[in-house]
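Notes follow once the structure below has been shown.
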Amino acid sequence: MFKVKIASSGEMITVEDGVRIVDALGEHGIIIPVSCEQGICGTCLTGVLEGDPEHNDVFQTDEEKAANDQMTLCCSRSKSDLLVLDL
């Protein structure tokens, strides 16, 4: 379990184990466009302002993943207790 903070509103959303970030956000009315839902297409790529993403996608290069400034919300998780998303 970890929390996601929406930078524009300050809203905090808990993402439970086994729940995708995109689904947790959707439950709170924050709709993120998705296509493949497997981390292949990059449709749900979102900026990360704070936190340590656990990248589970194949869309980003190793260098992009190492920068930790964006992540795919359909399949990636968080290594840290809090992620602040550029939404």
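The values are calculated or read from the model by the stated rules, or taken from the named source; none is laboratory data. All figures in this text were calculated on a predicted structure; none of them were measured in a lab. Cβ placement follows ideal geometry from the backbone for every residue including glycine, while neighbour counts extend to all protein chains displayed. Accessible surface is based on the protein model in full, side chains and every heavy atom, while ligands, DNA and RNA are left aside. Shrake-Rupley method; radii C 1.70, N 1.55, O 1.52, S 1.80 Å.
If you go through the stretch 19-55 and keep only what is within 14 Å of VAL4 (Cβ to Cβ) and assigned to a loop (DSSP other than H, G, I, E, B), you end up with VAL19, ARG20, GLU27, HIS28, GLY29, ILE30, ILE32, CYS44, GLY51, ASP52.
Taking every residue in the stretch 1-12 that is within 18 Å of CYS74 (Cα to Cα) and open to solvent by 70 Å² or more (accessible area, probe 1.4 Å) and pairing it with any residue that is charged (D, E, K, R) and in a loop (DSSP other than H, G, I, E, B), at least 6 positions away or on another chain, the pairs with Cβ-Cβ distances below 8 Å are MET1/GLU16; MET1/ASP17; LYS3/ASP81; LYS5/GLU11.
A single member of GLU50, GLU16 is surrounded by fewer than 17 Cβ atoms within 10 Å (Cβ to Cβ) and within 12 Å of the chain's Cα centre (by Cα), and it is GLU50.
Has the stretch 75-82 got at least one residue that is aliphatic (A, V, I, L, M), part of a strand (DSSP E or B) and surrounded by 14 or more Cβ atoms within 10 Å (Cβ to Cβ)? It would help to see each step written out before you state the result.
Of all residues in the stretch 75-82, those aliphatic (A, V, I, L, M) come to 82.
Those still in the list that are part of a strand (DSSP E or B) too: 82.
Now drop any that are not surrounded by 14 or more Cβ atoms within 10 Å (Cβ to Cβ), which leaves none.
No, the stretch 75-82 contains no residue that is aliphatic (A, V, I, L, M), part of a strand (DSSP E or B) and surrounded by 14 or more Cβ atoms within 10 Å (Cβ to Cβ).
The residues of the stretch 56-75 that are hydroxyl-bearing (Ser, Thr, Tyr) and farther than 19 Å from ALA7 by Cα amount to a single one, THR61. In the stretch 36-47, the residue that is nearest to the chain's Cα centre (by Cα) out of those that are modelled with pLDDT of 95 or more and open to solvent by 60 Å² or more (accessible area, probe 1.4 Å) is THR43. Consider the stretch 56-72 and keep the residues that are of a type in the set (Asp, Glu) and either modelled with pLDDT under 95 or in a helix (DSSP H, G or I) (or both). The one that is surrounded by the most Cβ atoms within 10 Å (Cβ to Cβ) is GLU64. Pairs are defined by a Cβ separation below 6 Å, a sequence spacing of at least 6 or placement on different chains, a first member in the stretch 23-37 that is without any contact (Cβ under 8 Å) to a residue 40 or more places away in the chain, and a second member that is open to solvent by less than 60 Å² (accessible area, probe 1.4 Å) and not in a loop (DSSP other than H, G, I, E, B); the pairs so defined are ALA24/ILE13; ALA24/VAL15; HIS28/ILE13.
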